[in-house]
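Data first, discussion second: the structure below is written as C-alpha cells.
The values are calculated or read from the model by the stated rules, or taken from the named source; none is laboratory data. Keep in mind it's a predicted model, so treat the numbers as computed, not measured. In this analysis, Cβ positions are derived from the backbone assuming ideal geometry, glycine residues included, and neighbour counts consider all displayed protein chains. For the accessible areas, the whole protein counts, side chains as well, though only heavy atoms, and no ligand, DNA or RNA atoms are used. Shrake-Rupley method; radii C 1.70, N 1.55, O 1.52, S 1.80 Å.
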Amino acid sequence: MPTALVTGASRGIGRAIARRLAATHDIVAVARSGDELQALADEIAREGGRCRAIPLDVTDAGAVHAALDGLEVDVLVNNAGIGVLKPFLELTPDEWRRMVDVNFNALFHVTRAVLPGMVAREAGHVVIIGSIAGRSAFVGGTCYAATKHAVMGFAESLMLEVRDAGVKVSVVSPGSVATDFSPPRARDVAWQLLPEDVAESVAHLVATPPGVLVHRLEVRALSPKRPRG
Ligand SMILES: NC(=O)c1ccc[n+]([C@@H]2O[C@H](COP(=O)([O-])OP(=O)(O)OC[C@H]3O[C@@H](n4cnc5c(N)ncnc54)[C@H](OP(=O)(O)O)[C@@H]3O)[C@@H](O)[C@H]2O)c1
C-alpha cells in the first residue's frame, strides 16, 4: 500500500482527505490535536485501513524535522491552514505572523522533509490545499489571501523544478467549505461544499495516470442560490 501524509488531519477538510485516501493508502495524519488524530486513526482502523497519528505543530521547524525527515511517503497533502479574516487595521501582529507561519512557512518545513525521498525514488505527489482566495481578493483577506497567493507561486515553481524527476505538484483551490474554519454567519450556508467534496477532488488528482499532471483544480459549490440536493 502506498503512503499518504496529510497535515491538518484532525478535523475539517484534512480529516475528510485522510479518510478518503485511506481506501488506497496507509495514512500518516499530522495536526496538533493528538486526541482527535487518535480518534481518526481508530476510525480508519475500524474501516480496515491503517493510520499513524503524529501530533505535531507544522510551524515548529525542529519538531517537523525530527518527526518527518526522511519519512517515505508517496503522497503529501499540505492542508493545514488558518484564517483570521478581518480588516487589515484590526489584525494583530501575532495573527498576521501565525497565518504566514501555518499557511506558508510550514510548506517549507513539511515539504522539505519528504520531497528528497520522492525525488530519489523518481515518484511522488505533493498536493497543496490553496483557496479561491489564492487568485482573488476580498475584504478581510489581506493576510489570508496573500498567503494563498504565495501558495500558488510556490506550487507552480516547485512543479517546474521537480516534474522531470517524476514528482507531481498540484494545488486544489476550494471555494467555501462547511468546516470550523469560518463559522457560519447568520446567512444560510446550505450551499457550501462539504469537506468530502474536496477530499474526492484530491483522490481524483492522486489517481491520475503516471504521465498526467493536473496542476491546478478549482472546486466550487455550484451556486449559492441553489442549496445542495
Ligand atoms: N473552509 C473553507 O471554506 C476553506 C476554503 C478554501 C480553502 N480552505 C483551506 O483548507 C485548509 C483546511 O481548512 P479547514 O476548513 O479544514 O479548516 P479547519 O477545520 O479549521 O482545520 C484546520 C486544520 O489545520 C490544522 N492546523 C492548524 N494549525 C496547525 C499547526 N500549527 N500545526 C498543525 N496543524 C495545524 C488543525 O489542526 P490542529 O488545530 O489540531 O492543529 C486542523 O486540523 C486550509 O488550508 C484552508 O485555508 C478552507
What is the one condition in (1) under 12 Å from the mean Cα position of the chain (by Cα); (2) more than 23 Å from L158 (Cβ to Cβ) that V77 does not satisfy?
(2)
So which residues in the stretch 39-52 are in a helix (DSSP H, G or I) and either at pLDDT below 95 or away from the ligand (no atom under 12 Å from the Cβ) (or both)?
A41, D42, E43, I44, A45, R46
Among the residues in the stretch 94-112, are any surrounded by 15 or more Cβ atoms within 10 Å (Cβ to Cβ) and in a loop (DSSP other than H, G, I, E, B)?
no
Within the stretch 71-100, which residues are away from the ligand (no atom under 13 Å from the Cβ) and closer than 28 Å to H125 by Cα?
L71, E72, V73, D74, V75, L76
Return the total of residues in the stretch 66-89 being among the small types (G, A, S) and either under 22 Å from T147 (Cα atoms) or open to solvent by less than 40 Å² (accessible area, probe 1.4 Å) (or both).
4
When the stretch 25-38 is examined, which residues are found to be among the small types (G, A, S) and assigned to a helix (DSSP H, G or I)?
G34
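A quick yes/no check of all residues on (1) farther than 22 Å from V198 by Cα; (2) surrounded by fewer than 19 Cβ atoms within 10 Å (Cβ to Cβ); (3) away from the ligand (no atom under 16 Å from the Cβ); (4) aliphatic (A, V, I, L, M):
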{"position": "A120", "(1), (2), (3), (4)": "yes, yes, yes, yes"}
{"position": "V127", "(1), (2), (3), (4)": "no, no, no, yes"}
{"position": "G134", "(1), (2), (3), (4)": "no, no, no, no"}
{"position": "F138", "(1), (2), (3), (4)": "no, yes, no, no"}
{"position": "A146", "(1), (2), (3), (4)": "no, yes, no, yes"}
{"position": "A150", "(1), (2), (3), (4)": "no, yes, no, yes"}
{"position": "L160", "(1), (2), (3), (4)": "yes, yes, yes, yes"}
{"position": "G166", "(1), (2), (3), (4)": "yes, yes, yes, no"}
{"position": "V171", "(1), (2), (3), (4)": "no, no, no, yes"}
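Can you tell me which of A61, A53, A66, A41 is over 12 Å from the mean Cα position of the chain (by Cα) and free of Cβ contacts under 8 Å to residues at least 12 places away in the same chain?
From the options A61, A53, A66, A41, the qualifying one is A66.
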For the stretch 180-214, how many residues are at pLDDT 95 or above, within 10 Å of the ligand (Cβ to nearest atom) and open to solvent by 30 Å² or more (accessible area, probe 1.4 Å)?
0
Looking at the stretch 53-70, is at least one residue among the charged types (D, E, K, R), assigned to a loop (DSSP other than H, G, I, E, B) and away from the ligand (no atom under 12 Å from the Cβ)?
yes
Can you pull out every residue in the stretch 8-24 that is in contact (Cβ under 8 Å) with a residue 60 or more places away in the chain, outside any helix (DSSP H, G or I) and touching a Ser or Thr at 6+ places or on another chain (Cβ under 8 Å)?
R11
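Of the residues that sit in the stretch 3-25 and are of a type outside the set (S, T, Y) and closer than 13 Å to L71 by Cβ, which one is nearest to the ligand (Cβ to nearest atom)?
Only one residue fits best here, namely V6.
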